[in-house]
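Please read the structure below before turning to the comments.
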Amino acid sequence: MEPGDGPGALDLHGDEEIIEVVELGPPGPDDLAEEMEDVDFEDEAAEEPDAEAWDSEDDEGVEDGMEAQDDSEVTFSLHSDSVFCVSLDPKTNTLAVTGGEDDKAFVWRVSDGELLFECSGHKDSVTCAGFSHDSVFVATGDMSGLIKVWRVDAKEEVWSFEVGDLEWMEWHPQAHVLLAGTADGNTWMWKIPSGDCKTFQGPACPATCGRILPDGKRAVVGYEDGTMRIWDLKQGTSLHVLKGQDGHQDPLTCVASNQDGSLIMTGSVDCHAKLINSATGKVVCVFKMESVTPKAPISEGEEAESNSVESLGFCNVMPLAAVGYLDGTLAIYDLSTQSLRHKCQHEVLPSPLPRPGLGGGLWAFWRSPLKPKGQFPICTSPLALGFPKGQPQSLQRGRAWPWCLALLGGWQTP
């Protein structure tokens, strides 16, 4: 089509030519998506034929005698072994807490990596850590079940408690209340720092995952037997129980809720993600993604690996949900049509999805050179990543996850 053809075209005269077309009006989601397309996501492995050397623990971050590119602004290096968890203070996003395989947890400043204080006294790998809603307290928990709470401004321990093997831990979104799930099936709730306690007894199996709903009055807990319970935190009673055909057939691995708490999503080793109405406890739909990765031959007596669901996330501005699978697939589902919208295939497992930020964007990460064990970099983009000491491994129940992430600054939703 020549210039001037078609509706809305411009008529050019003489030597006139179009240099740039500028669209007026506020930017929309599509504009932000187009800006992201300018970011170079080229896989370094495609340019470097010897990229498999990154798999070697001895050659970690080094290839052919050259150091791997490091785009981080700050690196926190006090951990002596793999970093298992990270959280940012929600009030200012200026402090971070990290826990690791070295049985240590640290609170440090994001701007320059300076240590504020060490959360000492743990007896096992620190796998849970997080700040209270107002950043007054920080809690750390290790695999043995020892939970400690520290007052941030005073840099002192104010409370501690020991439970069974710790599965998960989470702060209440509006109060100084801490919840935790343990391997004996109990969910514990404490007022901090008084330590007033309430327990929610589940089935005789581990409470593998949990989440406090946005209203602050209910919590959803998933269990190893495939059941899910919605608890009334004030009354201590179970509002809804999903089991049998409504529940999962294998252990639950993760739970998530949308912004207003009306919808819950659960993920399981049985490869299913179930969308549930939190008010009625009814299953709205079930999502399942068939693995696209060729499976290795199974030797005699060896069980085939399940393509389990490992991470979940809701979008805040559109009716979308993201599901991360063990084989590296990240599936985006349209909740209004209950159909698959998009699918990304990763070379490694998707990290646990953070809460949607910057208008509900969904994040995914590809393989990148690893930093030496125990180091924690802050990237030039607003992300904080924790790395293990070797190649990322598949997520398995009862083992620490391979890496962790958190969003910084304006990218973190309240």
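Could you check how many residues of region 88-104 are open to solvent by 10 Å² or more (accessible area, probe 1.4 Å), in a strand (DSSP E or B) and more than 16 Å from residue 173 (Cα to Cα)? It would help to see each step written out before you state the result.
If we filter region 88-104 for residues that are open to solvent by 10 Å² or more (accessible area, probe 1.4 Å), which is where we start, we get 88, 90-95, 101-104.
Then keep just the ones that are in a strand (DSSP E or B); that gives 88, 95.
With more than 16 Å from residue 173 (Cα to Cα) added as a condition, the list becomes 95.
Residues in region 88-104 being open to solvent by 10 Å² or more (accessible area, probe 1.4 Å), in a strand (DSSP E or B) and more than 16 Å from residue 173 (Cα to Cα): 1 in total.
Kindly list the number of the only condition in (1) open to solvent by 30 Å² or more (accessible area, probe 1.4 Å); (2) closer than 15 Å to residue 203 by Cα; (3) touching a Pro at 6+ places or on another chain (Cβ under 9 Å) that fails for residue 244.
Evaluating residue 244 over (1) open to solvent by 30 Å² or more (accessible area, probe 1.4 Å); (2) closer than 15 Å to residue 203 by Cα; (3) touching a Pro at 6+ places or on another chain (Cβ under 9 Å) leaves (3) as the failure.
If you take the residues of region 174-187 that are of a type outside the set (A, V, I, L, M, F, W, C) and in a loop (DSSP other than H, G, I, E, B), which of them is surrounded by the most Cβ atoms within 10 Å (Cβ to Cβ)? It would help to see each step written out before you state the result.
We begin by selecting, within region 174-187, every residue of a type outside the set (A, V, I, L, M, F, W, C); these are 174, 176, 181-182, 184-187.
Okay, now just the ones that are also in a loop (DSSP other than H, G, I, E, B), so 174, 176, 184-185.
Details: 174: 14, 176: 17, 184: 16, 185: 21.
Looking at residues that are of a type outside the set (A, V, I, L, M, F, W, C) and in a loop (DSSP other than H, G, I, E, B), I get 185.
How many residues, within region 188-223, are in a loop (DSSP other than H, G, I, E, B) and surrounded by fewer than 23 Cβ atoms within 10 Å (Cβ to Cβ)? Working first, answer last.
Start the filter on region 188-223 by keeping residues that are in a loop (DSSP other than H, G, I, E, B), which leaves 192-196, 202-206, 213-217.
The next check asks that each one be surrounded by fewer than 23 Cβ atoms within 10 Å (Cβ to Cβ); those that pass are 192-196, 203-205, 213-217.
Matching residues across region 188-223 total 13.
Residue by residue through region 253-272, note down the ones that are aliphatic (A, V, I, L, M), outside any loop (DSSP other than H, G, I, E, B) and closer than 14 Å to residue 209 by Cα. Quick ask: steps written out before the conclusion?
Taking region 253-272 as the starting set, the residues that turn out to be aliphatic (A, V, I, L, M) are 255-256, 263-265, 269.
With outside any loop (DSSP other than H, G, I, E, B) added as a condition, the list becomes 255-256, 263-265.
Selection gives 255, 256, 264, 265.
I'm trying to understand the selection: among the residues of region 141-173, which are outside any loop (DSSP other than H, G, I, E, B) and surrounded by fewer than 18 Cβ atoms within 10 Å (Cβ to Cβ)?
Initial filter on region 141-173 (outside any loop (DSSP other than H, G, I, E, B)): 141-142, 146-151, 156-162, 166-171.
Those that are outside any loop (DSSP other than H, G, I, E, B) and surrounded by fewer than 18 Cβ atoms within 10 Å (Cβ to Cβ): 151, 156, 157, 158, 160, 161, 162.
Taking region 247-270, which residues are exposed (fewer than 15 other Cβ atoms within 10 Å of the Cβ), touching a strand residue (DSSP E or B) at 6+ places or on another chain (Cβ under 8 Å) and either of a type in the set (Ser, Thr, Tyr) or more than 25 Å from residue 343 (Cα to Cα) (or both)? First the steps, then the outcome.
From region 247-270, those exposed (fewer than 15 other Cβ atoms within 10 Å of the Cβ) are 249, 260, 262; that's our starting set.
Within this subset, residues satisfying the condition of being touching a strand residue (DSSP E or B) at 6+ places or on another chain (Cβ under 8 Å) are 249, 262.
Correct list: 262 only.
Can you pull out the residues in region 118-140 that are outside any strand (DSSP E or B) and either of a type outside the set (D, E, K, R) or more than 23 Å from the chain's Cα centre (by Cα) (or both)? Lay out the reasoning, then the answer.
Here is the first cut: in region 118-140, the ones outside any strand (DSSP E or B) are 120-125, 132-136.
Those that are outside any strand (DSSP E or B) and either of a type outside the set (D, E, K, R) or more than 23 Å from the chain's Cα centre (by Cα) (or both): 120, 121, 122, 123, 125, 132, 133, 135, 136.
For region 105-117, enumerate the residues that are over 20 Å from the mean Cα position of the chain (by Cα) and assigned to a loop (DSSP other than H, G, I, E, B).
Answer for region 105-117, where residues must be over 20 Å from the mean Cα position of the chain (by Cα) and assigned to a loop (DSSP other than H, G, I, E, B): 111, 112, 113, 114.
Which residue out of 119, 85 is free of Cβ contacts under 8 Å to residues at least 60 places away in the same chain, closer than 14 Å to residue 139 by Cα and either of a type outside the set (D, E, K, R) or open to solvent by less than 20 Å² (accessible area, probe 1.4 Å) (or both)? I'd like the intermediate steps shown before the answer.
Details: 85 fails: free of Cβ contacts under 8 Å to residues at least 60 places away in the same chain.
Among 119, 85, only 119 is free of Cβ contacts under 8 Å to residues at least 60 places away in the same chain, closer than 14 Å to residue 139 by Cα and either of a type outside the set (D, E, K, R) or open to solvent by less than 20 Å² (accessible area, probe 1.4 Å) (or both).
Give me a count of the residues in region 271-290 that are within 14 Å of residue 254 (Cα to Cα) and open to solvent by 10 Å² or more (accessible area, probe 1.4 Å).
We begin by selecting, within region 271-290, every residue within 14 Å of residue 254 (Cα to Cα); these are 271-276.
Going one step further and asking which of them are open to solvent by 10 Å² or more (accessible area, probe 1.4 Å), we end up with 271-272, 274.
Count: 3.
The values are calculated or read from the model by the stated rules, or taken from the named source; none is laboratory data. Computed from a prediction, not measured in an experiment: that's the story for all the values here. Methodologically, a virtual Cβ is constructed for each residue, glycine included, from the backbone with ideal geometry; neighbour enumeration extends over all protein chains shown. The protein model used for the area step is the full one, side chains on, heavy atoms only, and it has no ligands, DNA or RNA in it. Shrake-Rupley method; radii C 1.70, N 1.55, O 1.52, S 1.80 Å.
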